[in-house]
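What follows is a short report on a single structure.
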Amino acid sequence: MIFFDLDGTLLDFKGAEFRGVQAFHLEHGSNLGLTVDLMEFYQEWCQIGKKHYIRFLQGELTFRQQQIERIKNWLKGLRMRQRRSIFSDM
């Protein structure tokens, strides 16, 4: 039997994703020097995730590779924001 969960009633992926991002933000945000609030962080995470998930669906990346690329992409953006912040304080 195959089930299609088009409306998110069987699995709440977005809710689980948000709770995971929220936990990460709370646990690691201050250590990483995050200056964005939770909602901005979540929106950025979703944009990056979508980009690499599409690459996975197109066969460009394995599932594991898309997870790695998502984190690398996010860390690159974090470093760029931190550099801008340092120079804006001068």
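The values are calculated or read from the model by the stated rules, or taken from the named source; none is laboratory data. The structure presented is a predicted model; accordingly, all values stated were derived computationally and were not measured. Virtual Cβ from ideal backbone geometry, glycine too; neighbours counted across all protein chains shown.
Looking across the stretch 46-85 at every residue that is of a type in the set (S, T, N, Q) and in contact (Cβ under 8 Å) with a residue 40 or more places away in the chain, the one that is surrounded by the fewest Cβ atoms within 10 Å (Cβ to Cβ) is identified as Ser85.
Of all residues in the stretch 25-45, how many are surrounded by 15 or more Cβ atoms within 10 Å (Cβ to Cβ) and under 18 Å from Lys72 (Cβ atoms)? Result for the stretch 25-45: 4.
For the stretch 1-24, the set of residues classified as surrounded by fewer than 11 Cβ atoms within 10 Å (Cβ to Cβ) and either of a type in the set (Asp, Glu) or over 14 Å from the mean Cα position of the chain (by Cα) (or both) consists of Met1, Ile2, Phe3, Phe4, Asp5, Leu6, Asp7, Gly8, Thr9, Leu10, Leu11, listed by residue number. Contact map, the stretch 1-17: first residue on the phi < 0 side of the Ramachandran plot and in a loop (DSSP other than H, G, I, E, B), second residue exposed (fewer than 10 other Cβ atoms within 10 Å of the Cβ) and not aliphatic (A, V, I, L, M), Cβ cut-off under 8 Å, separation 6 or more or different chains; pairs are Leu10/Phe3. Against the condition in a loop (DSSP other than H, G, I, E, B), touching a residue at least 40 places away in the same chain (Cβ under 8 Å) and not charged (D, E, K, R), how does Leu34 come out, does it pass? So Leu34 fits the description; yes. Out of the residues in the stretch 21-55 that are of a type in the set (A, V, I, L, M) and closer than 19 Å to Glu69 by Cβ, state the one that is modelled with the lowest pLDDT. It comes out as Leu32.
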